[in-house]
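**Student:** First the structure, then my questions, so here it is.
The values are calculated or read from the model by the stated rules, or taken from the named source; none is laboratory data. All values derive from a computational prediction rather than experimental measurement. Reconstructed Cβ throughout: ideal geometry from the backbone, glycine too, with neighbour counts over all protein chains shown.
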Amino acid sequence: MRSRLVEPFEDRLLVDGIRLLLPQLFHLAEVESSKAGRVGIQVGSLREQTIVALLMCKFGEASAETDVATTEPEADVRLFGQSLSIKTATGKRLGGAKLMWTVDADKVREFRDAYLASADMLLVHIAWGSTGALHFVPVEAQQRCLEQVGRASYMKLPRRGTNPRGVEISREALAGLVQDPLSRCVSVDWVRPRIGYDPYQRWIGYWRYR
């Protein structure tokens, strides 16, 4: 059955909006998550909210269920009752998208041996100063790629003695996923907006007009 997530990639007005707004909104997310010049891990939640809000605008707020149980590790949101994973990868080359966040070596091995793709994926390739994209990768494409390249090539496992915080999808696998005939893509030029933004002003406004 054709996923409705294909629809945003066929909506010309929405595609133009994605290209215009995604860099602006992700920049604001980084500003709100930064302290002493470093972007904190909470940026991931803000980026996810940005993408979910995009889906709500396209399909209606009732289409998205955001209170997803932690027993569904791949599901960040449910759209029309179907699990959806939202992932980001930062850098000029596509890579670094996490499948699982952990520093526990035993859990990594268990995950590697048991993993089967179970959710459609929206993958944001963030490439400041270059060209990235918003990708849609259906679960069928993920399952096909995993079968074709094998587990050892599909996943990049953490090396012993390091603390990379989890299991990544390998560059080889990512290339195959985004090139799958069922996948969709909107290219995005990642130019930082020239806007001044102070996240504290929002909170000051609440106090000032209490």
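**Student:** If you go through the range 66-95 one residue at a time, how many are of a type outside the set (Ser, Thr, Tyr), at pLDDT 90 or above and under 17 Å from the mean Cα position of the chain (by Cα)?
**Tutor:** 14
**Student:** Only one of (1) within 22 Å of Pro23 (Cα to Cα); (2) at pLDDT below 95; (3) among the basic types (Lys, Arg) is not met by Arg184, so which one is it?
**Tutor:** Here Arg184 meets the rest and fails (2).
**Student:** Does the range 9-21 contain at least one residue that is among the small types (Gly, Ala, Ser) and surrounded by fewer than 15 Cβ atoms within 10 Å (Cβ to Cβ)?
**Tutor:** For the range 9-21, residues among the small types (Gly, Ala, Ser) and surrounded by fewer than 15 Cβ atoms within 10 Å (Cβ to Cβ): absent.
**Student:** Sticking with this structure for a sec: Across the range 18-58, what is the total count of residues that are touching a residue at least 24 places away in the same chain (Cβ under 8 Å), of a type outside the set (Asp, Glu) and under 19 Å from Trp190 (Cβ atoms)?
**Tutor:** The qualifying residues number 15.
**Student:** Then there is this: Which condition breaks for Ile126 when tested against (1) within 30 Å of Asp16 (Cβ to Cβ); (2) over 20 Å from the mean Cα position of the chain (by Cα)?
**Tutor:** It fails just one condition, (2).
**Student:** Which residue pairs have Cβ atoms under 6 Å apart, sit 6 or more places apart or on different chains, and have a first residue in the range 179-201 that is within 30 Å of Gln148 (Cα to Cα) and a second that is part of a loop (DSSP other than H, G, I, E, B)?
**Tutor:** Listed pairs, sorted by first residue: Leu182/Pro138.
**Student:** Yes or no: the range 39-62 includes at least one residue that is at pLDDT below 95, of a type in the set (Val, Ile, Thr) and over 23 Å from Pro193 (Cα atoms).
**Tutor:** Looking for residues that are at pLDDT below 95, of a type in the set (Val, Ile, Thr) and over 23 Å from Pro193 (Cα atoms), one finds none in the range 39-62, hence no.
**Student:** When you scan the range 120-130, do you find a residue that is without any contact (Cβ under 8 Å) to a residue 24 or more places away in the chain and either surrounded by fewer than 19 Cβ atoms within 10 Å (Cβ to Cβ) or among the small types (Gly, Ala, Ser) (or both), even just one?
**Tutor:** no
**Student:** Among the residues that make up the range 50-57, is at least one of them exposed (fewer than 15 other Cβ atoms within 10 Å of the Cβ), assigned to a helix (DSSP H, G or I) and either touching a strand residue (DSSP E or B) at 6+ places or on another chain (Cβ under 7 Å) or of a type in the set (S, T, N, Q) (or both)?
**Tutor:** No: zero hits.
**Student:** Since Ala75 meets every condition but one in (1) free of Cβ contacts under 8 Å to residues at least 40 places away in the same chain; (2) under 28 Å from Glu110 (Cα atoms), which condition does it not meet?
**Tutor:** (1)
**Student:** So, Phe111, is that one touching a strand residue (DSSP E or B) at 6+ places or on another chain (Cβ under 9 Å), of a type in the set (Phe, Trp, Tyr) and either under 26 Å from Leu14 (Cα atoms) or loosely packed, with under 13 Cβ neighbours inside 10 Å (or both) or not?
**Tutor:** Judged against the criteria, Phe111 is not a match.
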